[in-house]
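The structure appears right after this line, and notes come after that.
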Amino acid sequence: MTSDIAHRSAVHQRLVVGFDGSDSSLSAIEWAASEGAVRGSSVRVISSYHTQPVVDFGFGTTGSLVESAETAAWCLDRLQIAASKVFDAYPGVPHDIEAVRESPAVALRHAAETADLVVVGSSGAGVVTRFLLGSVTGSLLASSPCPVVVVPSGSRPSTSRIIVGTDGSDHADHAVRWAVDEADRRGDELVVVHVWESGYHLTTGGVDRADDLTPVDAELVLDRAVEAARAIGACSVRGDLVEGRQADTLLELSKTADLLVLGSRGRGGFRAMLFGSIASAAATHSSCPTVLVR
């Protein structure tokens, strides 16, 4: 079922995708094309032929040894082939391609200003490219004005299920609202998950489990998020309270979902930094596409 709420996260009716020639970036285009068909949105695919300066020891730093025009032509040709391969299967989805000379992080950040989602692959081609793409994704997570979708390579059967993690923070609340919109749009089940860990303390006999209110707090966090999701959406919503390590649990749950949705930061202070690292780990290693919402 679709509700009016499902249009709230589709302001620009445009999705932006970064392509670097890797398998995961091709999967990112495929995911964006499919999502564009669901949303009625256009898709812009961007590839960068930005090159790092070459260090010539003894003579300083110079530009790339490859001619820019030659590199641009090669980049655009590769982009056209990839886009045609994907969008031939989605004739109703408007799309355009763009090869840019600026760095991929800058290009995607700029394009994200007029997009509803920016989509990237979870890893690049080769060790150096994986490092560069990681820096691109990290930059987007820190600065993108719209949610960032990180897509692993390959495809798997649909589960018609979206999982959203919550820890009670504002960012998590935004993630829940986004997930409700998306579940309404797709007609999927929404599972709201809160993962908590027990505290431990030293005793005369060693280490013992702390007798505190953590389990009660965990139940309250989950109940609040589930109630909020049911109040604003038409999709089926259920809660899942899990005791365990957050990153490991979320990665395991990603095997049962079409999408994993997380806030890019958690509660204040150290917990915010910790949850941000968990979100980044999930985006890098998740079995399904991960949406990170600010």
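The values are calculated or read from the model by the stated rules, or taken from the named source; none is laboratory data. None of the values given here were measured: they were computed from a predicted structure. All Cβ positions, even for glycine, are placed from backbone atoms using ideal geometry, and neighbour counts span all protein chains on display. These area figures cover heavy atoms from the full protein model, side chains too; ligands, DNA and RNA do not enter into them. Shrake-Rupley method; radii C 1.70, N 1.55, O 1.52, S 1.80 Å.
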TODO: Might you let me know whether the stretch 186-202 holds any residue that is at negative phi, modelled with pLDDT of 95 or more and among the aromatic types (Phe, Trp, Tyr)?
DONE: no
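Residue-wise test of (1) open to solvent by 30 Å² or more (accessible area, probe 1.4 Å); (2) modelled with pLDDT of 95 or more; (3) closer than 19 Å to Ala28 by Cβ.
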residue	(1), (2), (3)
Phe131	yes, no, yes
Leu140	no, no, yes
Ile162	no, yes, yes
Ala172	no, no, no
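In the stretch 221-247, which residues are without any contact (Cβ under 8 Å) to a residue 40 or more places away in the chain and surrounded by fewer than 14 Cβ atoms within 10 Å (Cβ to Cβ)?
First pass over the stretch 221-247, keeping only residues without any contact (Cβ under 8 Å) to a residue 40 or more places away in the chain: 223, 226-227, 230-231, 247.
The answer is Glu227, Ala231.
For the stretch 203-220, which residues satisfy the criterion of being part of a helix (DSSP H, G or I), open to solvent by 60 Å² or more (accessible area, probe 1.4 Å) and either at pLDDT below 95 or touching a His at 6+ places or on another chain (Cβ under 8 Å) (or both)? Please lay out each step first, then the result.
We begin by selecting, within the stretch 203-220, every residue part of a helix (DSSP H, G or I); these are 214-220.
Remaining after also requiring open to solvent by 60 Å² or more (accessible area, probe 1.4 Å): 216-217, 219-220.
Those that are part of a helix (DSSP H, G or I), open to solvent by 60 Å² or more (accessible area, probe 1.4 Å) and either at pLDDT below 95 or touching a His at 6+ places or on another chain (Cβ under 8 Å) (or both): Val216, Asp217.
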All-but-one check, Val192 against (1) crowded, with 24+ Cβ neighbours inside 10 Å; (2) touching a residue at least 60 places away in the same chain (Cβ under 8 Å); (3) β-branched (Val, Ile, Thr), failing number (2)
Quiz prompt | Glu102 among the charged types (D, E, K, R), open to solvent by 40 Å² or more (accessible area, probe 1.4 Å) and modelled with pLDDT of 95 or more | solution = no
For the stretch 71-88, does any single residue satisfy the condition of being surrounded by fewer than 16 Cβ atoms within 10 Å (Cβ to Cβ), closer than 26 Å to Ala283 by Cα and modelled with pLDDT under 90? no
Being open to solvent by 60 Å² or more (accessible area, probe 1.4 Å) and modelled with pLDDT of 95 or more is the requirement here; does Asp56 meet it? no
Restricting attention to the stretch 249-286, the residues that are assigned to a loop (DSSP other than H, G, I, E, B), more than 13 Å from Val148 (Cα to Cα) and at pLDDT 80 or above number exactly 3
